[in-house]
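Enquirer: One structure, as structure tokens, below. Some questions next.
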Amino acid sequence: MEYSCVSLLIFWMSLLCFLISTQGRWHHHHHHTKHKHHSHHDKMPEISAPHEPSIALAPEPSGPPDDENSGVSTEVFDVRKFGAIGNGVTDDTNAFKMAWDTACQVNSSSTIYVPNGFSFMIQSTIFTGPCQGGLVFQIDGTLMPPDGPEEWPKNNSKRQWLVFYRVNQMSLQGGGAIDGRGQKWWDLPCKPHKGINGTTLPGPCDSPVAIRFFMSSNLTVQGLKVKDSPQFHFRFDGCQNVHVELLHITAPALSPNTDGIHIANTNGVQIYNSVISNGDDCVSIGSGCYNVDIRNLTCGPGHGISIGSLGNHNSKACVHNVTVRDSVIKVSDNGVRIKTWQGGSGAVSGIMFGNIHMISVRNPIIIDQFYCLTKDCLNQTSAVYVSDILYEGIKGTYDTRSPPMHFGCSDSVPCTNITLSDIELLPAQGDIVLDPFCWNAYGELETLTIPPVYCLREGVPRSILDNKDMDHC
């Protein structure tokens, strides 16, 4: 009996040890398997990625590091990872389109990176939004179009090169360059003075705007060097909240229609701290613009800063609340100009030109309501109404081929409330001081001017007082 009890005890102890050993081995095996599952999952993209179709894969973010002080994480997409070559000859258009489409789908902030040391040739292209998040187009290299009209693809528009359409919260920036390669376009026989014996000949004349923003908002353009556009360098149409700063725009003085920055139907515009030298207007402001602030520009050679031309083809034009200040205009055909066609309607009002230094400018201050590109424009009774224009602190020298101040207003719709304050304009050469010119212009002098202005009429004309619908913008 005692032997049986001892045997039974040994049996139960052996069974217990067996169960404990088996549980330990199962637990160790389960833990090891779970650990291996995580490692396998972490390596999945590395294993499977090479077997995916290349067109379905977005390149991994690359390029310059994030700004550690910004506190904002951004994905950076180098155009070279999408196949761009950057030798100035190979067509890199598709690579840029793929980079745009990929960055545009990122929910957070993203950057398209154009690296320094490369020149990318791109065909006429429209980059379309809206994008999922804010987007930075960082240009540190060089962008260029095909070289001239003969190299331009037949099916591509010859009126525009790079277009940004319906984008929001975008910044076009960098230390790189945009080379418009405009010389062969300027040499077309249809361009002014490029035909036989200095004439202009009929024929195809469309030339592309270099950079165009259309129906876009919350835009920043800064830091770039842009040169030799076939036509306008920048154009903003139907945009709002535009900030332009630290641009350097250059084209030869005789290059036709190479406006630096043109805006139309655009509001909330700031153009600051830039240098523009070209063959046409430094900045031109078209119809539908308001709340425009231009500050600290250096313009010239060129055609100065213009509001207009407005009212062409008997159209209605409205521009108001524009300020141009703290700027230099040099060796230009015009300084600050308002130009309208006869036969138009609408109004220009609330304009301030202040603290502007002129250096050998042919028409430092000019309102021209008889603007015409030929000599056969007919007189018309309707006109854009120009009123509430302030000129303050306009000083410097003028080219004596034209009077320093020219107020040529419509016969039927006079300019009113022109105010002059602290104006000092002297001839750039010689001692001949030309008298200002006025035609149907009403206003006042807040201070004495150099040269003296005696031709402004006082008060408001009866024709304006009787026409309650004159300013109907």
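Enquirer: Kindly provide the set of residues from segment 243-265 that are open to solvent by 50 Å² or more (accessible area, probe 1.4 Å) and either farther than 21 Å from Val167 by Cβ or free of Cβ contacts under 8 Å to residues at least 24 places away in the same chain (or both), ordered by number.
Expert: His248, Pro252, Ala253, Leu254, Asn257
Enquirer: Any chance you could count how many residues in segment 425-473 are under 16 Å from Ser412 (Cβ atoms) and open to solvent by less than 50 Å² (accessible area, probe 1.4 Å)?
Expert: Of the residues in that region, 6 qualify.
Enquirer: Let me ask something else. Can Asn273 be described as out of contact with any Cys (no Cβ under 6 Å at 6 or more places or on another chain), closer than 30 Å to Asn467 by Cβ, open to solvent by 20 Å² or more (accessible area, probe 1.4 Å) and not aliphatic (A, V, I, L, M)?
Expert: no
Enquirer: Another question, then. Can we say Tyr454 is without any contact (Cβ under 8 Å) to a residue 24 or more places away in the chain, on the phi < 0 side of the Ramachandran plot and of a type in the set (Ser, Thr, Tyr)?
Expert: yes
Enquirer: Taking the condition open to solvent by 50 Å² or more (accessible area, probe 1.4 Å), of a type outside the set (Ser, Thr, Tyr) and within 31 Å of the chain's Cα centre (by Cα), does Glu392 pass?
Expert: Taking the combined requirement at face value, the residue satisfies it.
Enquirer: With open to solvent by less than 20 Å² (accessible area, probe 1.4 Å) and within 30 Å of His313 (Cα to Cα) as the only criterion, which of Ser410, Ser421, Ser382 stands out?
Expert: The match here is Ser410.
Enquirer: Looking at segment 283-320, which of its residues are assigned to a strand (DSSP E or B), at positive phi and surrounded by fewer than 20 Cβ atoms within 10 Å (Cβ to Cβ)?
Expert: Within segment 283-320, Asn291, Asn296 meet the criteria.
Enquirer: Against the condition part of a loop (DSSP other than H, G, I, E, B), over 19 Å from Leu246 (Cβ atoms) and more than 19 Å from the chain's Cα centre (by Cα), how does Lys184 come out, does it pass?
Expert: no
Enquirer: Still on this structure, I have one more. So Leu254 passes all but one of these: (1) closer than 23 Å to Arg325 by Cβ; (2) of a type in the set (A, V, I, L, M, F, W, C); (3) at pLDDT below 95. Which condition number does it fail?
Expert: (1)
Enquirer: Ok, one more. Give segment 256-282 a look and list any residue that's polar (S, T, N, Q), in a loop (DSSP other than H, G, I, E, B) and touching a Pro at 6+ places or on another chain (Cβ under 9 Å), or say none.
Expert: Answer for segment 256-282, where residues must be polar (S, T, N, Q), in a loop (DSSP other than H, G, I, E, B) and touching a Pro at 6+ places or on another chain (Cβ under 9 Å): Asn257, Thr258, Asn278.
Enquirer: It is to be established whether one or more residues within segment 204-223 are in a loop (DSSP other than H, G, I, E, B), open to solvent by 40 Å² or more (accessible area, probe 1.4 Å) and over 29 Å from Val384 (Cβ atoms).
Expert: Yes; the residues of segment 204-223 include at least one that is in a loop (DSSP other than H, G, I, E, B), open to solvent by 40 Å² or more (accessible area, probe 1.4 Å) and over 29 Å from Val384 (Cβ atoms).
Enquirer: On to the next question. Give segment 224-242 a look and list any residue that's open to solvent by 40 Å² or more (accessible area, probe 1.4 Å) and assigned to a strand (DSSP E or B), or say none.
Expert: Correct list: Lys225, Lys227, Arg235, Gln240, Asn241.
Enquirer: For segment 143-175, what are the residues that are open to solvent by 60 Å² or more (accessible area, probe 1.4 Å) and either in a strand (DSSP E or B) or over 26 Å from Pro130 (Cβ atoms) (or both)?
Expert: Listed by number, the residues that qualify are Glu150, Glu151, Lys154, Asn155, Lys158, Tyr165, Asn168, Gln169.
The values are calculated or read from the model by the stated rules, or taken from the named source; none is laboratory data. Since the structure is predicted, the reported quantities are computational estimates derived from the model, not experimental observations. So basically every Cβ, Gly included, is an ideal-geometry build from the backbone, and we count neighbours across all protein chains shown. The area values use the complete protein model at the heavy-atom level, side chains included, leaving out ligands, DNA and RNA. Shrake-Rupley method; radii C 1.70, N 1.55, O 1.52, S 1.80 Å.
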